[in-house]
Amino acid sequence: MRLARYGTPLSGHSGFTRGSLLAFAGWLVLAFASCADAGAPDGFVTDGGATAFDGSPVSPPNDREDPDFDAGACFDGLDNDADGTLDCAEAECGVRAECCVGSAECCSGATRLSTLTVECEDGPASACDSLEGLTLFGAPTIERTGLVPQGGAGHGGVVMHPSVDPRAGNLRVQARIEAPTTPCAECVDLAGIALVEAAPAPGARAVVWLGVVAVSSRGEAQVVASDEVVATFSLMAAAEYEIELRADGVATVSVGSESVALTELELPPSIQVIAYGRTQNRGAGVDAARLRGGEVFFEACDMPAALERDPTPRLPTVASGFTPRALGRATALMVEDRLLTVFADDGDLYQAMETRSGDLAGPADRNDRAVVPPEGIDDLFDPALVVEDGAVTLYFAGEHVSGVRRIFRSRREGDTFAAPEDVLAVDGGSVDGPTVFKSPAGPWRMIARVRRGAQTSLEQFEAIGGDTGAWRPLSVVRAPAAADLFAFDRDDVAQPAVVRSADGLYRLYYAGQRGTGWSIGLLVSQDGDAWRPLGAVLTPDGEGFDALQVRGPAPVLRTDRANALHLYYTASDGVSSAIGLAGPAGTLGE
């Protein structure tokens, strides 16, 4: 393990064993030139312009003096001007809103999640009114207006915050700790703060993922990672203890003016913040290490891969009324605060509505198809719903008896869809997986998978003259990353789905294949032309209904749930298929 240390020389550290967590020394600084509107921190204007980190104005990306500026070069992974920097690290690229996505630098202002206030006379902590509502463990006490953990053979303390997703933002925990600086003989006396995956059971030790603790019995402050001591500081009688954990896996642990940095941490999906410690065998009248107070802050960032999965599929379910044979891609759309979905199964398309429990209820009769296949078309798949000129419209792919695939469109009339019309075919190949959206420039756009021979790519088309029944090719958006043996989309790209999120960015989810496995990746764009790849955001879980494959992304902005961006997806465990749901932590329930 390598650590970056500020203050005195590093001492007393051992291996950090949680995955491949630490790869280099030094505080990792990710410095973009600046960030644009999306998720902009305090001090950034949000009226279409932007400011650099030093407060100086910068030109918005669509108002540049250089007419030869190519926004697409910002996201190609190349050092196009040979200056040693590339993509979002370039000054003229870093101002684009896409560069704030997935960054721990461009985040909302910090929110105080909780405060630990000790304002009680000596006695049991359970009788302290200022701690009311917080979960205690190990019977801590109050001494000299400080919380003494006690704990006996296990740990004692208090849960400062019960659960937070560290992948979704930057977390900061602060505490004021006082501790005797003269080691006591044959005693145990320690108090600190920690991040744990679960608070300890009564009488048990806390398994510390990351923490810092004053150990007065040893005369030192210890940094603990993966339940091992990785660094030590000189103990002070009173000091501010702090843990800063960023969404990019970088942490700084501080005691007073000394600090140590840890990089490339493998973040768990959920952690709890605790104040904890042990106090045993003190002599009469001897002070114990104690916490005088603390606070927990969280700064939300736009981290698309910070997704919580519902462990139960949304289709099929016992109450769904539909038993699938071979589920394909689904699509979802909010219609007057109701969720409308269309899904593919065994070559046909079916409508489903969301039940009170959140399941998707398909038709009771398998013959009740959403659309009737056009003549000569054997199979329908890859549905995509969109509101087009005020009408709910369904795009989908159909396969001709010859094996050639084309794109069709059908308007919703009442609760049914009209007869479909043929809208797109490609010369010398097949096209499927359509997704349609209105571009900032005005024309409607379609992104679909095009297959020519053994080659596939996601390609963009534009409506001709505003008529979405006629399309012309524009550009290739994404091709398989064949040169990268480890890329999740090395062998194929398919099933694109665009949604415009609340920040105004277009998010293009798509399925990527490597070998027999499928995962879901993401590209983002503010103009529909230049797309920044962010890699895989949802991968097979290794167990459950999505153990082996996740594909068929269906993103939807839940206007009925604070504009939460939910992602339906098609999953497989190697035997059967299902439709699952993922979204930001805390947004999947009622």
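Of note:
- Net length gained if the chain between residue 411 and residue 562 were fully extended (0.36 nm per residue, minus Cα distance): 51.5 nm
- Here's the picture: a label point sits 7 Å out from the Cα of residue 112 along the beta-carbon direction, and within region 144-172 the residues with their amide nitrogen under 15 Å of it are 161, 172.
- Amide H contacts of residue 564: 558, each under 5 Å away and 5 or more positions distant or on a separate chain (H built 1.01 Å from N in the peptide plane; Pro and chain starts excluded).
- Under Karplus coefficients 6.51, -1.76 and 1.60, residue-wise ³J(HN,Hα) of region 106-116 in Hz, glycine/proline x: 9, 9, 6, x, 5, 10, 6, 7, 7, 9, 9
- Computed with every protein chain present, the accessible area of residue 135 is close to 90 Å² [probe 1.4 Å].
- Positive-end ranking of 179, 480, 534 along the dipole of the chain, with charges on Cβ about the Cα centre, is headed by 179.
- Note on residue 310 and residue 119: with the Förster distance fixed at 41 Å, the Cβ-Cβ geometry gives a FRET efficiency of about 0.50.
- Charge tally for residue 455 (other residues, Cβ to Cβ under 12 Å; Lys, Arg +1; Asp, Glu -1): 0.
- Positive-end residue of 215, 91, 461, charge dipole of the chain with Cβ unit charges: 215
- Shown are 491, 189, whose ranking by accessible area with a 1.4 Å probe and every protein chain present, most to least, is 491, 189.
- Packing, as the average of other Cβ atoms within 10 Å across residues, places the peptides 166-179, 322-335 in the order 166-179, 322-335, highest first.
- Of the solvent-accessible surface of region 198-286, computed with a 1.4 Å probe over protein heavy atoms with every protein chain present, carbon and sulfur atoms account for 47 percent.
- The protection proxy used here, the mean number of other Cβ atoms lying within 10 Å of each residue, ranks peptides 475-481, 546-552 as follows, highest first: 546-552, 475-481.
- Relative to the current alpha-carbon distance between residue 483 and residue 135, full extension at 0.36 nm per residue lengthens the span by 120.1 nm.
- Magnitude of the charge dipole for the chain, about its Cα centre and with charges confined to Cβ atoms of Lys, Arg (+1) and Asp, Glu (-1), is about 1220 debye.
- Using the Cβ-Cβ distance between residue 378 and residue 79 with R0 = 51 Å, the FRET efficiency computed as 1/(1 + (r/R0)^6) comes to roughly 0.60.
- The helix-only estimate of mean residue ellipticity at 222 nm for the chain, built from DSSP H runs of length n ≥ 4 each weighted as -39500 (n - 2.57), is 0 deg cm²/dmol after division by the residue total.
- Whole-Hz ³J(HN,Hα) from phi, Karplus 6.51 cos²θ - 1.76 cosθ + 1.60, for region 302-309, glycine and proline x: 8, 10, x, 7, 7, 10, 9, 9
- Placing +1 on the Cβ of every Lys and Arg and -1 on the Cβ of every Asp and Glu, with no other charges, gives region 425-528 a dipole of roughly 80 debye about its Cα centre.
- Amide H contacts of residue 139 (H built 1.01 Å from N, in plane; Pro and chain starts excluded): 157 sit under 5 Å, all sequence-distant by 5 or more or on other chains.
- Farthest toward positive dipole pole in region 277-373 [+1 Lys/Arg, -1 Asp/Glu at C-beta], among 344, 331, 294: 294
- Packing-based ranking of 88-100, 115-127 yields 88-100, 115-127, ordered from highest to lowest mean Cβ neighbour count within 10 Å.
- Mean accessible surface per residue for the chain, computed with a 1.4 Å probe while every protein chain stays in place, in Å²: 42 Å²
- Cα centroid separation, region 432-466 to region 476-550 (Å): 16 Å
The values are calculated or read from the model by the stated rules, or taken from the named source; none is laboratory data. Quick caveat: nothing in here was measured; it's all calculated off a predicted structure. Cβ sites come from the backbone with ideal geometry, for glycine too, and all protein chains shown count toward neighbours. We work out accessible area using only protein heavy atoms, side chains counted, and drop any ligands, DNA or RNA first. Shrake-Rupley method; radii C 1.70, N 1.55, O 1.52, S 1.80 Å.
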